[in-house]
Each structure stands twice: as structure tokens, then as C-alpha cells.
Protein chains: 4
Amino acid sequence: MVIVMNIDATVEEIAAVNRRLEEMDFKNQVIHGVKKIVIGAVGDALNNNALKELAQMPGVEKIVPIMKPFKLVSREAQAESSVVKVGDVRIGGQELVVVAGPCAVENREQIMAAALAAKNAGANMIRGGAFKPRTSPYSFQGLEKEGLQMLKEASRAVNLPTVTEVIDEHSLNLSLNYVDMLQIGARNMQNFRLLKAVGQTDKPVLLKRGMSATIEEWLMAAEYIMSEGNQQVILCERGIRTFETYTRNTLDLSAIPVVKRLSHLPVIVDPSHGTGDRQLVAPMSLAAIAAGADGLILEMHPQPSKAVSDGAQSLTPEGFNNLMRQLTILAPAVQRSIPKIQGGLEYV
Amino acid sequence: MVIVMNIDATVEEIAAVNRRLEEMDFKNQVIHGVKKIVIGAVGDALNNNALKELAQMPGVEKIVPIMKPFKLVSREAQAESSVVKVGDVRIGGQELVVVAGPCAVENREQIMAAALAAKNAGANMIRGGAFKPRTSPYSFQGLEKEGLQMLKEASRAVNLPTVTEVIDEHSLNLSLNYVDMLQIGARNMQNFRLLKAVGQTDKPVLLKRGMSATIEEWLMAAEYIMSEGNQQVILCERGIRTFETYTRNTLDLSAIPVVKRLSHLPVIVDPSHGTGDRQLVAPMSLAAIAAGADGLILEMHPQPSKAVSDGAQSLTPEGFNNLMRQLTILAPAVQRSIPKIQGGLEYV
Amino acid sequence: MVIVMNIDATVEEIAAVNRRLEEMDFKNQVIHGVKKIVIGAVGDALNNNALKELAQMPGVEKIVPIMKPFKLVSREAQAESSVVKVGDVRIGGQELVVVAGPCAVENREQIMAAALAAKNAGANMIRGGAFKPRTSPYSFQGLEKEGLQMLKEASRAVNLPTVTEVIDEHSLNLSLNYVDMLQIGARNMQNFRLLKAVGQTDKPVLLKRGMSATIEEWLMAAEYIMSEGNQQVILCERGIRTFETYTRNTLDLSAIPVVKRLSHLPVIVDPSHGTGDRQLVAPMSLAAIAAGADGLILEMHPQPSKAVSDGAQSLTPEGFNNLMRQLTILAPAVQRSIPKIQGGLEYV
Amino acid sequence: MVIVMNIDATVEEIAAVNRRLEEMDFKNQVIHGVKKIVIGAVGDALNNNALKELAQMPGVEKIVPIMKPFKLVSREAQAESSVVKVGDVRIGGQELVVVAGPCAVENREQIMAAALAAKNAGANMIRGGAFKPRTSPYSFQGLEKEGLQMLKEASRAVNLPTVTEVIDEHSLNLSLNYVDMLQIGARNMQNFRLLKAVGQTDKPVLLKRGMSATIEEWLMAAEYIMSEGNQQVILCERGIRTFETYTRNTLDLSAIPVVKRLSHLPVIVDPSHGTGDRQLVAPMSLAAIAAGADGLILEMHPQPSKAVSDGAQSLTPEGFNNLMRQLTILAPAVQRSIPKIQGGLEYV
């Protein structure tokens, strides 16, 4: 870190800061400039309290941290990109992952039809919510355990692994028996208890970026999970909150190459929540892959107009099928491949 | 709500929308304009699914909701302003509430010294965190049960009620035995499980605005608590995330008169988190009261430079004392009063 | 528009609003709901003053406008997509436009080397600033007329049309003699005098989105130009200001399909300013084309480390060449083509 | 500045950076840490190009600037607060300035009535727009020269100095003959030509903060004016653009104490544009003064419902009068005084 002293800091104040730095085992060096005196200090950057204490010493103008606050998630900790396995699916490798399914599991017919449509179009994972965090207390909140059972049944029928959102310890404990990957939603990205809890499981975790989370906070949330021992984290960009109102959120695709540079973790994109508008899902899916994403998570519903939640941003099976065809053409242009389109499965 | 049809919607499409509205028990009327056809429909605005289904019918351009989505929190539900009692303190009345204390309870001496300083300067409630949601997993996370016990001891010593943040069901259950008011922090404003859980208690709840929450989402979070039966909700503005980086957050004081117009609930302000900078706390405290806030929640630490968290934004006891004197002068200018300065209590 | 009356509006107030609407030649209809009374009114939505007057009548809660405020730029005014010609280049057609060149024209050698590198790699237009709006008064402000002359010389040498930014009437008048397309920068997007002035020329105009402009404001700025008679407007997304600080701006690629739906005008993307980081330019260029952009405008400098401005975001000629090869592979995946790579030209 | 080297920077790369720093007359020192090597360098921080060149040298991870980029506006350049005189009015002293008047001069009667109401209620300056930057080309654009003449006439009648917005060189040249203070609007805060032009006049300049301008950019805009020789700059906070939509902008009152710390210039607040809502003007005016503002600029119209622009945010003369009475009570609580209420003047 660098300690910038006030223009009128006294010799004693500078000496006091130096002494305190030495007590803290920092290696330090004073640089006398024309207008400012700056103290460079090298040591354990994760020692936040040291930073804060120093910032308040007399004569100190500000502290400029140099090291990044995260360690396990960083490329400096691991140079090669991580590949996370979910069943037979490898996330972060050359082949893209495409997760598809409804926002919420509504009933057996719906999730089965969605799973089949996903499988036939070439998706390699299915999604479906059983615990729904909703802005209004008067909205549908999910089928809970029953929903998880239906999701597992659909998973078996089409032989694809699943992901579902967990929102507290209860939903987490239940989900462990039914799904292959756990999702932490945007609203819970800084629910640190929940991060620790999923960090103590052996399931891969899909960590969505919070609505107003900086990239650094997002990586720190991943650090929470990894610091508990679970290294299987996949990041998911899903749009940030800005002043623009034509789209529900602003999908920050530049976060993909930024995160790829800072971290070894895989990154996928959720253009359904990221835009909130079905017509924007296909162009933003193509853009996400072109920008270097390792995959997509998409809302697809057999009958979007009947969906109990997020219908406006859900693709129809036909729309999803068309998108998969476009992705199949685009992926090789960025040296990636798309899972093969299966086709032919029917719902009996 | 108003349904705006596409410029080229067919007669059949318009008829279909009308039929569906009637099935949903909406009262509706078609308005034929020069360029647009608009259907006005009146009914249960909280029926979100109806809105979403209609939005996807052929020929529909967009749906414009007219009614606000919240009910129990709204001034239309209750015209007179609510006053919430915490022990002998009345929040929302003519006398302002001033909550002071450290970010985190660190040890017996610290919280006792803080409580005394708070009491002596005229605060009418004390605060202290026992469960700290921290951005980094490597930061201090709170003394938990032990911290709650110390807080209660301090509360008894100075005879002031307390507030502490709860972050999950475990911390909530523990806190019920030790504190007088529960706080939902900004990061948990949309932790809907937690909102429901505090809504099922009989304790007053201080609900902080989320870092990127709109006023509407904030009021909807209050609605979650109230819809479970707990009417004792106090709103707390604590700064929103914007592009400006000189301050940690941007304190949105205009939210105070806006919320006062929309809702009957009391609103207080947290200028410590709202600015992240001790030197800005006094001017923004005065501004908050001038704008109509019902009180303040302030970080004050006996020795801010030794604080394990948020020291940079904590007032010293002397700084807090000065601020209370300024508030005593300012409050009558907006027809409010400040609790009397006690003085004289000593820590034995 | 829809006029929502207060819950307690009197019969007289409702009658007064109706009378005023009739005087304004609006066609209106009252809808009596259970809780609210709503008046639907159809007429000239561009009459802003009417809106404002009505909003202030007694008993009125709010006005909800239904019509979009722009006309000439809208797809409702012109269903087919516009193609703007700049010399032999057609912007908005099947072939993509790629504009490349330095942020600022610095000297004859530099712009000539840049133009050659651009041509050789397949760019079909060149850029170069002669009037630089800079945040600091102590930064380089551009070579002005001399810079324009050098740009024109380079344009002739490689036979490619040019674009340069104009910042006031003086720079506009000078530029008319030297360049093929005028650029309005982000900071001038609401410099309405300048918009009108370029609207009175016969040159195509590249209109950058303001740093905090909504899509609607951006289209209204285009409307300013078009309402003066100049229909040759190309929109350029260049990143918006958000809370994220890892990137200079947040490139809003979802604006591309949104604008394509609302307007018939071509849209190109500037990933150099949009990210501020050379390493992000290639992935975001590919993403922009995948999202449906009609082209790119890129900063490329023969020696970025010597650039007087924006060096950190400028591609090297080699980096630009690599990007063009990647684009050549990607473009057909979205049914577009890239100008042919020329190669072989040398600077004598 | 501090140069942070990559974790794997070579000895040669470090040596090269050191050499280049010496060539640039920077004084530098290398700090070898456990994981990072950092070079502290002290010299002319305003040399932006040096920064950019260094940032691109091999082995450099990032540059952290230490010095602030502004000089003339900074408190380090001038410790005592500036007082700017406009006629007999002193802005930045103990007495607050209150500027009132309509958004636009509409006709002789309107501006005369507004000026009288302003004077009678105790305003010490009047405002009125003659050149209006409007989002839509179809909105009223101002009376131009005729408006300036009416404003001057009103100014003489009530003996109060005036301010008007200038938007280009034409409006600036005209205004010089008619008004006492020039205003640069939010949309032109980075119209650097215009900043330089007003910097070459001898009139005080009211510089509004841009809608998405950081405090640093705002101060740099003031630096533009001052670097041309005009030291009479008054800053005006008028709300920034955020995700919140209940208010037109988010009035950033914390900017007041921040700017007061960084700069010696006076700061006033515009709660009319800052909120866009007449009902919020009074509470936010009181809050602004409580936060330390040197004054207010308020929209007041004899008949807001007939205003051609911004009626919804304009106070009535009665509302303005009430606000002045509240301010008279509040100002002494923050050691300020309000101009005396005049009363009694009538419009003949």
C-alpha cells in the first residue's frame, strides 16, 4: 500500500506512521517529493484493519491499496483457467455450456416439456427454480421440495444435470439431495452466511453478480465460497443496474474479459435476466459468446405467456432452437463448440 | 393499468385482449386515437401474473401500470404518520430519535464506554453489531452471542434501548432475547426469507435501503415485513451506489420527502454509511433533519482509530457531542426537538 | 396519454380536466375504477406544454405518456432500415463499416502511417481528431486546421473517406472542407446548437451517445439533426457511466438491438472509448458485431505508447490486423461481411 | 504517482521504467515487496502524457496517481474561501445568496411579476432563461435577445443583479450586455470551448455540475475557466443521474462538504432541477443550507401551471415566500443569515 501524507504533515507524524508500519511487519520506504511525502509499504494487503488504523493517524491524507483484496480466485494464485465439472458437463473448457429451462418449476408437465425442449435443442444442463425471491410478497414464491422433486425427475428423463437457486440454509439442505449445481442469485451475492454454507458443500456453485456489485465485490463473494474449501465456482454476469430504463438491467459484457484477466474461474452469462426482454436474448447471447463467455443460462418456457414468473423474458422452445442454431454457426468463429443438437426425444 | 396496442394491431387482437380482461374481472374501455389504440383497465393491480400474461398477447405493445404495487405501507392505506415505539422512545413523533454506538461490539470496555458517551451526549438509543456482513471473508465477523450480551449489559447500565443487525435465522433467534429493535442491513434488503422472519416477530424493525434499491423496491421490502403482521417498521436511508467515488455512497436525502409522501412509515438516516467519511457526518446529519428525517443512526466509537471496522466513518465521543449541540440548535427550525443532553454519567 | 386522478379527486376536478383536454383537441374517455379514476386522452403527444399544464391541474396525480417523443428517427416513421453513404462506403447495409485511426492527428508521419495500416488491414474509413475536448485544460487540444489538412492528405493517399469530431461552429465550418463525415462527441450529444448546425449541412453525421444519456435522449438528439433536414445520421454506442470502475465506461451492447427496434438509423460501436483498455477492444468488437452492430470505430495508433491522447486504449497496427482477421471469421455467422483485407500498400 | 509492476516483471523492465522516469525529471524510488515491486515517483502530476506512456511500458501493471489533477481551484492553492461579488451581492460570505425567477423569460409581464415576487420575498438575485437547451427540438427554445432585454428591464425595476444561461458564443456575446452573471448549464459543463470563452470575460460564472460528472470533472471544468484568467467561479450542484426514477435527478448534497474541503470556491444548490418536483424544493432547500451551501437558485413562476418549461418544479410566489420564511429561521442554526425580506413592492 501507499500512504500519502498531508502537505503539512510534521516530521513527528511521518515518524509515527513509520513506526506503526514497522510494528505491523510492513516493509516501508519514505519518498520525499516536491509537494507531497509518500510512504510505500509492502506487507499483508489483506490486513484491512491495519489499513484503516493507518488511514486515521494524524498527518495521513489517504491510503492507496496496491494489492488486490482477493487471493484464491485470482489468476496470480492459479494461472491456468479452471474447468468445473457438473456430471459429464465441463464448464470452462472448449465446449460451451448451455443451461436452459423455466424461471420457476410450475408443475410436472411444464418442467418435463421444458427439459425435453432443452435436450432436443442441444442444451447440456437444465434449470428450474423451486425457491423464488420475489420483489412482492404477493407473488408466487415457488413449489419448494415438490419443485425439486419434479426437477430431478425431469433431469433423469432427459439425462441432463440441473441447477437451482438456493436462498437460505433450509432450501440449501433440501436442494443438496436433488440437484447437481447450486445457484446463488444476484440478491444474495452478499448474503455471506449463505456463501459460507455453499462453500462447505461439495456441489459446484453458480454465483450470479449482484445488481450493483462491482467486479471486485463479485470476486470477493467467490473468495468467500472458496475460502471454505469449495473450489467449484462458476461466475455468472446477469446485468447491472444503471440509469437506462429501456432494458431491465444493463448486461455488462465487458466484465467477461475483465474477469478472465483477473481470475481463473469460468464465466457464463444470463441474457434473460440481463435484458428482461425475450427479443434481446438472442443478440445478447451471441454477443456474450463472442466476448469470450464460457456459456449461457437461458430462461425457456413451453408457454411463456402462461409463465407464473418472468414470462416476458423467456424464450419459446422454438426461439431457443433457433438461437442454438445461430450459436452453432457462431461458436467456431471464437474457437468454441456448442453441444450437439439432439432432436428426436419425445415426451411420453 | 393501460394496455397500449401496436400501431398495426388487428380488430381480432383487440377483441382478444378485451375478452381476456373481462375474464380477469377487469373493467375496461377502448380508446381509439389517431395513431394508437389504448385500452384502459381497472382491477386488482397486484395481480402481477395478469400483467405479464397480457403483455405477451399478440398486438400488445406495452402495459403501463397505474396503481402502486404496495398497499400496507402506503399513505393511501393509512393517512396519518405512524409512530413506532421502542421502549420509551417514539420514532416518528415530534422528538427526533438519535441512535449512536459502534459499528461492532468489540469488548465490554468499548461498548460500555460508547454507551456512556452516547447517553451523556443525549442519544436515546444505542447500536452495536454482533453479526457483521463483511465484503472480505478475511475480515472480523462479529462477537455473536457474546457481543449481544455485552450490548444488553451496556443497555441496562445507561437505560437506553438497543438495535442490532440480524443476518439470518440463527442471529435473529439469538437477538430476540437481547435487543429492542432488529436491523435489516442494506445487503439483506431483498433477503425475503429474512424479511418474513422478522415480520413474524413482535420487535420493531429498522429496514435499511439496499445499495441499489429503488424507493419502490424499498417500500416493497417493508411490505414483506408488514404482510406477515409486524407493523413496526422504520425505514433507513443509508446512501445509494452511483458513479461518484469521492464518497462511499451517495446519500439520497430527497428520498426522505418522497417516502413521507408515499408512505406513513417513519424514516431515519444513516450518514455514517451514507458517506463513509467522518468529516461529512455532521453536515449530512444536519441536512437530513432539515429535509424532514425522523432521526439519525450514527457510528460513534470511543477510539475510532482502534475500531475493528468502519473506524474512518465513526465519530469520536467529542465529535458526537458537538453534533448533538448543533442538532439542538437546528431541530426547532424544522419544528422538531432533540432528546435532552444528559451529561454527568460516568463509567465506574 | 393517460391522466391518473387522485384517489380523492372531486367531480369538478375531473370535469375541469376533461374540459381542458377538449380545448386542446384531445379525444378523451373517463374510466371509473374501484380505487382510481383514469382519463385516457389521444392527441398530439409532442405537445409537451399540454402535458405539463395538465400535470398541474387540481386533482391530477400523474400523467403517463403513451406515444414516444421522437418521430423522424422512429421505425414507425420509416419501416426499412436506413443506409447512409459516405463516399463509396454504405453504412447500415450487409457489409460492415470499420473506421480506424488515431484519437488525435499528431503529425504528418503519424496519420499517414495510421491510414496505411488501416487500409492494409481492411478498414473502409479513417478517423483522426483535430479538435479534442479534454477534461484538463492542461492537456493537448488538437492541431485544428493543420490536423484537418493532414487527415485529408492521408485520406487521398489511401483513398478512404474520413470522419472527424466537431465541437463548435468554428471547427464545423473548417471541417466541412476537409472531411467526409462529421462526428458529434459524447460530451456534445446535448449541445443542441451544434446538433442544429450539423443538421443544416449535407454531410453524414456520426452521433455518439452521451455518457449518461438514455436511449430516448440519444434518439431525441438524432431527431434534432434530422428535424433540420439532414437525414444522414449514424448512431454510435460508446459506453455509459456506471458504478463499475474496472472499465472506463460500461459498453451497453443491448442498446444495439433496442435502437434497431425503435429506429431505422444505422448503429455502430466504439469499443475503444467504451472500455478504455486496449485488451478489451477485440472481445468487445466481436461482441458488438454479434449483437447486430453495423460497424465499428476503433482507435489505432502506429505507436500507442507515444500517443498524445488515449494511448492506453489504442490498438497497434498489428493488433488491429489480428482483430480484422477475427472479424472476417465472425461476420458471416451473423450474415454480415467485412471489407476485404487489402495488404501490400507501403508508405513511401 | 506510484507505478505497480507486474508480479513477473523482469529486472530489465524495472530498469527501463526507472530510466524513463529519470528522463521525465521524476524523483523515484523502488520498493521491493514480497509479491510486488512498486516504484514511487514524484514530479509534475499534471503531465498526463507521462502517465499514459508509463502505463504502457512492458512489465507495468498500473499507475496510481497521487496528486489531484486540479490546481487553481484547489484549497491547496488558496486556503481561504473565495467570495465572488455580483453587483452588491457577495456569494460565499456569511449571508446566503438566493436567486429566484422563472426557468424561461416568456414575456414582459411574466418576468416583471416574477422579479417583484422575488424581491418582495427577499431574493437577492433574479434568474431567467433566454436561450433554452431542450431535449426535444419541438420544444420552446427561448426569446433570445428580446428575453435578455426584458430580464434587464426587470432587474432595473427591482434593483437586483441577474444570471442567465449561455449556450454558445453567440448567446454569450449577447448576454454580456444584459446580465451580471453567466450560467453554464449541466449539459455544457464539458463544452470546453464555452468554458474557455466565459473564462475570457470579466463576468462571474455559475458553473452547474454535469448530470453524470464526478466531483473531480466538475472541478476540472472550473479549472478551465480559471486557467483563462477569470477567478469568479461559483459552483452549483443540481442533481446527478442515478437509477432512481421517483426524482428527476438525485441531488447530491454530500458534494457540498466534499467540494468545500477540496476547493475554495463558493457552492450553491439548485433544488428545482435537482428534484424536478415542486413539493421537494422546500425540504431540499433547507437541507442544502444545513449541509453548508452558500446559497440557492430556485425556479419561481407567477403562474407555474402556465409555464412554457419546467412548470412542475417551479414554486409559486406564495410557495417561495413560505420557503424564505423557513430559511430565515433555519439559517442562524448554521451561522448564516438570509437577505432581509423586503415586502411592499408593487408592480405598476
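The values are calculated or read from the model by the stated rules, or taken from the named source; none is laboratory data. A quick note: this is a predicted structure, and the numbers were derived from the prediction, not measured. Here Cβ is always computed from backbone atoms with ideal geometry, including for glycine, and neighbour counts include all displayed protein chains. These accessible areas exclude ligands, DNA and RNA; they are computed on the full protein's heavy atoms, side chains included. Shrake-Rupley method; radii C 1.70, N 1.55, O 1.52, S 1.80 Å.
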Worksheet item: Within the range A:124-149, how many residues are in a loop (DSSP other than H, G, I, E, B) and more than 14 Å from chain B (Cβ to nearest Cβ)?
Response: 3
Worksheet item: With (1) of a type in the set (Val, Ile, Thr); (2) at pLDDT 95 or above; (3) surrounded by fewer than 21 Cβ atoms within 10 Å (Cβ to Cβ) as the list, and B:Thr245 as the residue in question, which single condition is left unmet?
Response: (2)
Item to complete: Considering each residue of the range B:74-103, count those that are in contact (Cβ under 8 Å) with a residue 24 or more places away in the chain and assigned to a strand (DSSP E or B), and give that number.
Response: 12
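At pLDDT below 95 and assigned to a helix (DSSP H, G or I): does that describe C:Arg187? Quick ask: steps written out before the conclusion?
On the way: at pLDDT below 95: yes; assigned to a helix (DSSP H, G or I): yes.
Against the criterion (at pLDDT below 95 and assigned to a helix (DSSP H, G or I)), C:Arg187 qualifies.
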Practice prompt. Can you work out which of the residues in the range D:271-285 that are closer than 15 Å to D:Ala312 by Cα and open to solvent by less than 10 Å² (accessible area, probe 1.4 Å) is farthest from the other protein chains (Cβ to nearest Cβ)?
Written response: D:Ser272
Discussion item. Suppose we filter B:Arg90, B:Arg134, B:Arg156, B:Arg108 for residues that are under 22 Å from B:Ile225 (Cα atoms) and basic (Lys, Arg); which single one remains?
Written reply: B:Arg90
Discussion item. Just to be sure I understand, how many residues within the range D:293-312 are within 13 Å of chain B (Cβ to nearest Cβ) and surrounded by fewer than 21 Cβ atoms within 10 Å (Cβ to Cβ)?
Written reply: 0
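Yes/no per residue for (1) within 14 Å of chain C (Cβ to nearest Cβ); (2) farther than 20 Å from C:Phe192 by Cβ; (3) buried (at least 24 other Cβ atoms within 10 Å of the Cβ):
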position	(1), (2), (3)
D:Thr201	no, yes, no
D:Leu206	no, no, yes
D:Tyr224	yes, yes, yes
D:Asp252	yes, yes, yes
D:His264	no, yes, no
D:Val269	no, yes, yes
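Conditions tested, residue by residue: (1) over 23 Å from C:Ser314 (Cβ atoms); (2) more than 19 Å from the chain's Cα centre (by Cα); (3) modelled with pLDDT under 80.
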| residue | (1), (2), (3) |
| --- | --- |
| D:Leu51 | no, yes, yes |
| D:Leu54 | no, yes, yes |
| D:Gly59 | no, yes, no |
| D:Phe70 | yes, no, no |
| D:Val83 | yes, no, no |
| D:Val89 | yes, no, no |
Worksheet entry | Whichever residue in the range A:150-180 is in a loop (DSSP other than H, G, I, E, B) and among the β-branched types (Val, Ile, Thr) and, among such residues, is modelled with the lowest pLDDT | A:Ile167
Worksheet item: open to solvent by 10 Å² or more (accessible area, probe 1.4 Å), part of a loop (DSSP other than H, G, I, E, B) and not assigned by TED's automatic domain parsing to the domain that holds A:Ser227, is that true of A:Lys71?
Response: yes
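Which one of C:Ser227, C:Ser212 is in contact (Cβ under 8 Å) with a residue 24 or more places away in the chain, in contact with a Pro (Cβ under 9 Å, 6 or more places away or on another chain) and among the hydroxyl-bearing types (Ser, Thr, Tyr)? Walk me through it before giving the result.
Details: C:Ser212 fails: in contact with a Pro (Cβ under 9 Å, 6 or more places away or on another chain).
Just a single option satisfies the conditions, and that option is C:Ser227.
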Worksheet item: Which members of the range B:79-117 meet the condition of being more than 25 Å from B:Leu143 (Cβ to Cβ) and either among the small types (Gly, Ala, Ser) or open to solvent by less than 10 Å² (accessible area, probe 1.4 Å) (or both)?
Response: B:Ala79, B:Ser81, B:Ser82, B:Val84, B:Ile91, B:Gly92, B:Gly93, B:Leu96, B:Val97
Worksheet item: Could you say whether any residue in the range D:281-301 is at pLDDT below 95 and within 21 Å of the chain's Cα centre (by Cα)?
Response: no
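Answer yes or no: is there a residue in the range D:134-156 that is closer than 21 Å to D:Ala222 by Cα, surrounded by fewer than 20 Cβ atoms within 10 Å (Cβ to Cβ) and not assigned by TED's automatic domain parsing to the domain that holds D:Ile37.
For the range D:134-156, residues closer than 21 Å to D:Ala222 by Cα, surrounded by fewer than 20 Cβ atoms within 10 Å (Cβ to Cβ) and not assigned by TED's automatic domain parsing to the domain that holds D:Ile37: absent.
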Practice prompt. Please give the number of the condition C:Pro339 fails out of (1) touching a residue at least 12 places away in the same chain (Cβ under 8 Å); (2) part of a loop (DSSP other than H, G, I, E, B); (3) buried (at least 24 other Cβ atoms within 10 Å of the Cβ).
Written response: (3)
Fill in: Boolean, B:Gln149 is farther than 23 Å from A:Phe131 by Cα, among the polar types (S, T, N, Q) and free of Cβ contacts under 8 Å to residues at least 12 places away in the same chain
no
Worksheet item: Going by the structure shown, is B:Ala288 at the interface with another protein chain (Cβ under 8 Å from one of its Cβ atoms), out of contact with any Phe, Trp or Tyr (no Cβ under 6 Å at 6 or more places or on another chain) and crowded, with 24+ Cβ neighbours inside 10 Å?
Response: yes
Worksheet item: Under the condition of being among the charged types (D, E, K, R) and within 16 Å of A:Arg238 (Cα to Cα), which residue from the range A:157-194 is farthest from the other protein chains (Cβ to nearest Cβ)?
Response: A:Glu165
